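Take a look at the structure set out below.
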Amino acid sequence: MSKFDELAGVLGRRAPVPFPFERIPPEHLPEGGFAPAAVLVPLFEKEGGVHVLLTRRPPGMRRHAGQISFPGGRVEPGEESLAAALREAREEIGLEPGSARVLGPLSETIVLLTAFRLTPWVASVPYPYPFLPAPDEVDGILEVSLEALASPGAHRIERREAWGMTIEVHHFPVGAEVVWGATGRILAELVELWRAL
């Protein structure tokens, strides 16, 4: 059984944890609530190890400029979360939905600054693959070893006060850059599950 099969089994046996919105004081909840969004967490085998694909946002974007993220975006009306993640991956990095083997969802998280409730979907994808970054949405593609992310000292947690509550901010160094925010939270859960396999 491959590691991807094992991970699919783990994800299939657990119920994704919804975000505890009751932790957010009512005065800090966005008007109209949190809009649904989804991201794809692509995994692939490279040089004998498993890697995760991340994207870098262009520096001129109005929101999240220059940040490291996963392909993803808003769930359109009438669209399922998984369909949105696959659609966004096709639009942002040229990954055809039929090329992705969906392994399962991770826990819901939120993006406080832009008021999104985010469902991450883990998928294995072929490698090498002719990824085609959309220049208006993706400034570059990063291929990061899961082993490196799981190594001692690679994961740092800061606790901060924001929006009337204490939040954990996860940091992962990726070369000269740092992954944090919602992407950091998603990576932290993925790495924890991967270590347990």
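Just so it is clear, none of the values below were taken in a lab; they were calculated from the coordinates. Remember, predicted model here, so these are calculated numbers, not experimental data. Virtual Cβ from ideal backbone geometry, glycine too; neighbours counted across all protein chains shown.
So here's what we get for this one:
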{"read-out": "Inter-probe distance in nm under a simple model that places probes 7 Å from Cα toward Cβ, at Ser2 and Val178", "value": "3.5"}
{"read-out": "Neighbourhood net charge (15 Å Cβ-Cβ; Lys/Arg +1, Asp/Glu -1) for Lys3", "value": "-3"}
{"read-out": "Sites Ile157 and Ala196, calculated FRET efficiency, Cβ-Cβ separation with R0 25 Å, nearest 0.05", "value": "0.85"}
{"read-out": "Entry for volume of the Cα convex hull per residue in Å³ (calculated from the structure that is shown) out of (i) 170; (ii) 113; (iii) 132", "value": "(iii)"}
{"read-out": "Considering only the chain, percent of DSSP beta bridges that pair antiparallel, nearest 5", "value": "80"}
{"read-out": "Dipole moment magnitude, nearest 20 debye, the chain about Cα centre, only Lys, Arg, Asp, Glu C-beta charged", "value": "260"}
{"read-out": "Helix 81-93 axis, angle to the chain major axis (alpha carbon atoms, nearest 10°)", "value": "70"}
{"read-out": "Residues with amide H under 5 Å from that of Val41, placed H, sequence gap 5 or more", "value": "Trp121, Val122, Ala123"}
{"read-out": "Amide proton proximity set for Phe19, modelled H, under 5 Å, gap of 5+", "value": "Glu108"}
{"read-out": "Segment 178-197 versus segment 67-108: alpha-carbon centroid distance in Å", "value": "17"}
{"read-out": "Integer Hz, Karplus 6.51/-1.76/1.60 couplings in order for segment 101-110, x for Gly and Pro", "value": "9, 6, 9, x, x, 9, 6, 5, 9, 10"}
{"read-out": "Using alpha-carbon coordinates, inclination of helix 3-13 to the longest axis of the chain, degrees", "value": "40"}
{"read-out": "5 angstrom amide H check on Leu29, placed H, neighbours 5+ away", "value": "none"}
{"read-out": "Simple label model, 7 Å out from Cα along Cβ direction - Thr114 to Glu22, nm", "value": "3.0"}
{"read-out": "0 to 90° range, to nearest 10: angle between helix 181-196 axis and the chain longest Cα axis", "value": "50"}
{"read-out": "Spin-label pair Glu168/Lys46, simplified geometry with 7 Å Cα→Cβ offset, distance in nm", "value": "2.8"}
{"read-out": "Förster-model FRET efficiency, 25 Å R0, Ala150 and Ser99, C-beta, rounded to 0.05", "value": "0.45"}
